[in-house]
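K.L.:
First the structure, then my questions, so here it is.
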Amino acid sequence: MVCLTSTLFMSDDAAMRISDLPVVLLSYDEPWADQTATQLRSLVPALIRVHGVKGLDACHKAAAEAAGTDFFVTVDADTIVHRSFLSVTIPGCLVSEHVRLSWHSRNAVNGLPSGNGSVKVWPSALVKAMRTHESATPDRISLDHDLGEVIPGLTRAAVLPGVHATTDPARTPEHAFRAGLREAVYLDRLVTDLSLKFGTDSHRVSALRAILSTWANLGRHQPNGLWTIYGARLGLWLARTQPKRDPRLINDYGAMTEMWTNWVLPRFSPGGSCCRWTGTSWNADWLEDEVRALGRLLAVFPGLSIGEFTAEQSALITRLNVLPAIHTGDAADGLGWALLRGKGLSRDAKAARHQFEVATVLGHAAAPLNLGRMIETGVIMDLDAAEMLRLYRMADALGNPHAAALLNRLETVPRNQIIVRA
């Protein structure tokens, strides 16, 4: 394990402005990448570009090297950054070499605001220390950056509120297919892992299934949106019917290109539809038939929500922005815990309380217990014992396994005799 240096502690007013950070555009084989660079350079004249580096771990390390600073921003080649992002200011309590910060991007294909294509602020020390994707040990399946594994209990990823970019992974049929398949396999793996840990009906699993359903159902109104749906449905079908298939292949550029060239595209070409970027042609009716056939096959599996939306219905749903940014309370509660205890971040009780309050609203079972403990130990001084008991009862109702013991201890004591530490 590579160790980071000590936490970078900053005073509460030592905020960090996005406009002061170097911005790195990451591109690999996207034919529109030069166009994205031109657009982004109009906002960030000193834009840095890292192109053609194979491997998701390797390209982020190359970005850290190119930036040459303690912190830097990354933007994917299929993401268009909004000018509002340059006005973002990060509170000093969240500035740490142990924490990556990100903001959801809205997907132009399916309307979903999520982490796919998100804009990110990276600490260079964390990037250099992580070993993810192709650099992970052979015994570990790494489909994401796994930042919590770098130094458990210290390193983490935090999602901040606001949508400051639009991502469009469907500029070509191949990229659309690849995006859908990769996201579906990754999310399905997360659903499986979290179902075993928290149960199939947990809010974490429900949120991920909602994201999966969006990828597998919406997008017909976009030029290559049907390819995204096809990729997502095929990824789910392979995960269900070939459980021994190595999911890490979704991050293997060579394997994905071979799959597209030798197996996928020949099934649907030639035809009357044509990609303006690559000249690739395909038969749209054949593709539609296979998408619907996959939908019928997937419908028999529990936990998957498959439906056929027309292009008009899909356009209406995405245009109305009725799909909210999907947040669970996990990230907020974890961030609150880190702020309260100084784990990878400077201690900040006020900021911790705010995160616990957000997580409580989102239904996280640990968050009201954490707030109650802050009252009981005197960290929060403007709330009384009655509020503490209410929070413990809420945690118990949400299924927190530790709340019952706290309630048994306190509810036998008259309320006016409960001692809240000053």
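K.L.:
Scan (1) surrounded by fewer than 19 Cβ atoms within 10 Å (Cβ to Cβ); (2) over 25 Å from L143 (Cα atoms) for the single condition N262 breaks and write down its number.
P.N.:
So N262 meets the others, but not (2).
K.L.:
Also: Could you check W103 against (1) surrounded by 19 or more Cβ atoms within 10 Å (Cβ to Cβ); (2) in a helix (DSSP H, G or I) and say which number it fails?
P.N.:
(2) is the only condition that W103 fails.
K.L.:
Another question, if that's okay. What are the pairs with Cβ atoms under 6 angstrom where one residue, in the stretch 280-294, is under 16 Å from T261 (Cα atoms) and the other, located anywhere, is among the hydrophobic types (A, V, I, L, M, F, W, C)? Sequence gap at least six, or different chains.
P.N.:
S281/C274; W282/F268; N283/F268; L287/L226; L287/F268
K.L.:
Tell me, which residue of the stretch 322-341 that is surrounded by fewer than 13 Cβ atoms within 10 Å (Cβ to Cβ) and outside any helix (DSSP H, G or I) is modelled with the highest pLDDT?
P.N.:
Ranking the qualifying residues of the stretch 322-341, first place goes to V322.
K.L.:
A further question on this structure: With at pLDDT below 90, buried (at least 18 other Cβ atoms within 10 Å of the Cβ) and not assigned by TED's automatic domain parsing to the domain that holds T360 as the only criterion, which of L294, L287, L304, L234 stands out?
P.N.:
Step by step, each of L294, L287, L304, L234 is checked, and only L304 is at pLDDT below 90, buried (at least 18 other Cβ atoms within 10 Å of the Cβ) and not assigned by TED's automatic domain parsing to the domain that holds T360.
K.L.:
Continuing with this model, one more query. Counting only residues that are of a type outside the set (D, E, K, R) and without any contact (Cβ under 8 Å) to a residue 12 or more places away in the chain, which one in the stretch 20-50 is surrounded by the fewest Cβ atoms within 10 Å (Cβ to Cβ)?
P.N.:
Going through the qualifying residues, I end up with P45.
K.L.:
Just to be sure before I move on: is S305 touching a helix residue (DSSP H, G or I) at 6+ places or on another chain (Cβ under 8 Å) and within 17 Å of A184 (Cβ to Cβ) in the structure I sent?
P.N.:
Considered against the rule, which asks whether it is touching a helix residue (DSSP H, G or I) at 6+ places or on another chain (Cβ under 8 Å) and within 17 Å of A184 (Cβ to Cβ), S305 comes out as yes.
The values are calculated or read from the model by the stated rules, or taken from the named source; none is laboratory data. What you see is a predicted model, and the numbers here were worked out from it, not measured in a lab. No Cβ is skipped: glycine too gets one built from the backbone with ideal geometry, and neighbour counts run over all protein chains shown.
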